[in-house]
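Asks: Take this structure, written in structure tokens, and hold onto it; I'll ask about it next.
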Amino acid sequence: MDQVSLLIVDDEQAILHMLKTVLLKEQFLDIDTVTTGEAALEACNNKTYHCIVLDIMLPGKSGLEICPFLRQVTDAPILFLTAKTTDYDKLTGFAVGGDDYVAKPFNPLEVVARIKSLLNRYLPSKAAAVQQNTSQHVKTSSPHTKQGIYDFGRFQVLELAGELRVEGQAVTCPALVFQLLLFFCKNPNRIFTKSELYERVWGSEAISDDNTVMVHIHRIRERIEADPSNPAFLVNVRGLGYKLIQPGNVSQT
């Protein structure tokens, strides 16, 4: 973990000290801390982070307010710390670009576990993207390979590049949104329940939350569907779950 860079954003020095102490014991050696959302944005403009722990209740711009600006400069997973635990607050956090949340008061070991879970999904995608970009740079005259490319007509998912393209244009996609879409692409026309999706994408160490899956489904639809409210690709099979329709079998439910 010594090559992983973490940013912790919280205005309570006791929380910053506690999390940094625990993370250092877990061999996370590159940890920066700031106390405002504006400072977090400046830090992300100057350095690449692999995961951001972001408190919602901050002086100045709140974590919810600063998160969309962070998303413009980083695709690192964002873990919200929140004293707000209503479904509305959770959904708002996911909607503005968050990937997970921990409710205060929390066990610092839970924060560590969630950071590790997020990194387990984020880092392989980043490494593969670097590898593919390097390969394409060296072999610019070679034909474009179909390996790791899932073509659904309107959109394509490039696994090794960690990229989503919709109607020929690259579309930004947070790490866990991309991982969920990629899972669907690898298993087209198969129905998965929300609990199955959570286990397969978030991992067994994550705490299951139906709202998390629903919000990420919505975020995928916002990117790949012409009409997210009437999806043609990522559809809900009433009473059973969700499935991604393969080209040639596109229908609405």
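The values are calculated or read from the model by the stated rules, or taken from the named source; none is laboratory data. Because the structure is predicted, anything quoted here is derived from the model rather than measured. Cβ atoms come from the backbone with ideal geometry, glycine included; neighbour counts cover every protein chain shown. Note: accessible area is taken over every heavy atom of the protein model, side chains too, but ligands, DNA and RNA are not part of it. Shrake-Rupley method; radii C 1.70, N 1.55, O 1.52, S 1.80 Å.
Asks: Please compute the length gained on full extension between Q27 and R200, using 0.36 nm multiplied by the number of residues separating them and subtracting their Cα-Cα distance.
Replies: This chain segment gains 59.6 nm when fully extended.
Asks: How compact and how long is the stretch 154-203, expressed as Rg and Dmax of its alpha-carbon atoms in Å?
Replies: My reading of the Cα-based Rg and Dmax gives 11.5, 33 Å.
Asks: Turning to a different aspect of this structure: Note down the magnitude of the dipole of the stretch 1-113 about its Cα centre, charges +1 on Lys and Arg C-beta and -1 on Asp and Glu C-beta and zero elsewhere, to the nearest 20 debye.
Replies: Here the size comes out at about 60 debye.
Asks: Tell me, what is the 1.4 Å probe accessible area of Y101, in Å² to the nearest 10?
Replies: Its accessible surface works out to 40 Å², give or take rounding.
Asks: Decide, for the stretch 1-77, between rounded, prolate and oblate: order the square roots of the alpha carbon gyration tensor eigenvalues as a ≥ b ≥ c, take rounded if a/c falls under 1.5, and otherwise choose prolate if a/b is larger than b/c, else oblate.
Replies: oblate
Asks: Expressed as a whole percentage, what fraction of the accessible surface of the stretch 2-117 belongs to carbon and sulfur atoms when a 1.4 Å probe is rolled over the protein heavy atoms? The partial results should precede the final answer.
Replies: Numbers: 2770 of 5130 Å².
Percent of accessible area from carbon and sulfur atoms in the stretch 2-117: 54.
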